[in-house]
Amino acid sequence: MDDSGLAGPQFWLSVELIGPRGAQLDAAESLLAEGIEAALPRGGQPLAGEPVGRVRGLDAALRWIDANAFGDAGTEGAAFKAPGGALLSAHDVVMTAFVVTAASPNGGTLTPGQRWPRSERMALPEGVDWRPAELTLSRTPLFAAPSPTLPPAAERYLVVEARERQPAALTPEEVAAADSSEQAVWIRGERVEACDASGVDCLHWVQVIVRNGDRFQVGWLPAHLAIPKSAWTLDAARGRRYAVVPAHRESGRASFVLIERRGDALGGRRLGFEVPHAGADWPEASLALLADTLTVHVGGRLVHREDLGEGPPSAVLRQP
């Protein structure tokens, strides 16, 4: 798919909000910015949520999402920006999704809608730091802010269900079919660490953007629940992928998670490691796949060795 054609068409912007109707209208109006035309569709399907305006080119729509995705929610003592935080602090509304709808040439909405490329195939505008990623669970809670430990699911901000498949090996026919996707996931920016007051109990988090159709939802996730696609080590012969990511750090110990995905199946095997570690930094973790052997090193120490050849496919040979 040639993504260059996405630069010319126009797109309608709207936002889905929770809160009093009048506050929603004011919040949507506040999202108007330079380059956004204050207009409404004339024909086609109604926009989802509250209309904001129209832009030319997908780059402008993505910059709009990026600029408004996270902001200061005005919560006293908050160390991290919240999803749609500026709308919450200024208008007391909760943002649940940004919506980008393809505009028709006659000023309405396009039917059928936009055919979206997969996350790794979509060119991003300069200054938008989104990295293609995958959710590691089939049903994932998004949180409004990081915390030193994993919050209960009941404290979630939103819930997203993983729908994108990432086959380990593709036929030419599958490649053509995979050019577009109903879902795409990105990690925005770099990982951050949320720690308790002592600075001892810490958990790694990432900002994520999840597109389902035309709807873009944003929130915080523990880093081991969203993996950059570039972080996977591929075992093409067996149709598997592996990644190792930092998870939790507490006094004298650091933990990591090894994740295995088979084919395009969601979920997969997860294996945790704890290693002795002092200090406020994180030890370096690396994964290597050589012939039939998978090894994981943390801080220069071998913490896991696994034979992928004969016998059970996931037999753990060593886990100190």
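The values are calculated or read from the model by the stated rules, or taken from the named source; none is laboratory data. Computed from a predicted model, the values in this text were never measured in an experiment. Methodologically, a virtual Cβ is constructed for each residue, glycine included, from the backbone with ideal geometry; neighbour enumeration extends over all protein chains shown.
For Arg241, are the conditions met, namely being touching a Leu at 6+ places or on another chain (Cβ under 6 Å) and crowded, with 18+ Cβ neighbours inside 10 Å? Yes; evaluated as a whole, the condition is true for this residue. Looking only at the range 264-276, decide whether some residue is modelled with pLDDT of 90 or more and more than 30 Å from Ala102 (Cα to Cα). No, every residue in the range 264-276 fails to be modelled with pLDDT of 90 or more and more than 30 Å from Ala102 (Cα to Cα).
From the list Ser255, Ser251, Ser286, the one residue that fits, being without any contact (Cβ under 8 Å) to a residue 40 or more places away in the chain and either in contact with an Asp or Glu (Cβ under 6 Å, 6 or more places away or on another chain) or surrounded by fewer than 17 Cβ atoms within 10 Å (Cβ to Cβ) (or both), is Ser255.
Would you check if Ala243 is part of a strand (DSSP E or B), touching a His at 6+ places or on another chain (Cβ under 8 Å), closer than 29 Å to Pro148 by Cβ and not acidic (Asp, Glu)? Criteria not met by Ala243.
Okay, residues lined up against (1) surrounded by fewer than 22 Cβ atoms within 10 Å (Cβ to Cβ); (2) in contact with a Phe, Trp or Tyr (Cβ under 7 Å, 6 or more places away or on another chain); (3) touching a residue at least 12 places away in the same chain (Cβ under 8 Å); (4) outside any strand (DSSP E or B):
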| residue | (1), (2), (3), (4) |
| --- | --- |
| Val185 | no, no, yes, no |
| Gly199 | yes, no, yes, yes |
| Leu203 | no, no, yes, no |
| His224 | no, no, yes, yes |
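Keeping to the range 90-133, report how many residues are at pLDDT 90 or above and of a type in the set (D, E, K, R). Residues that pass the stated criteria total 4.
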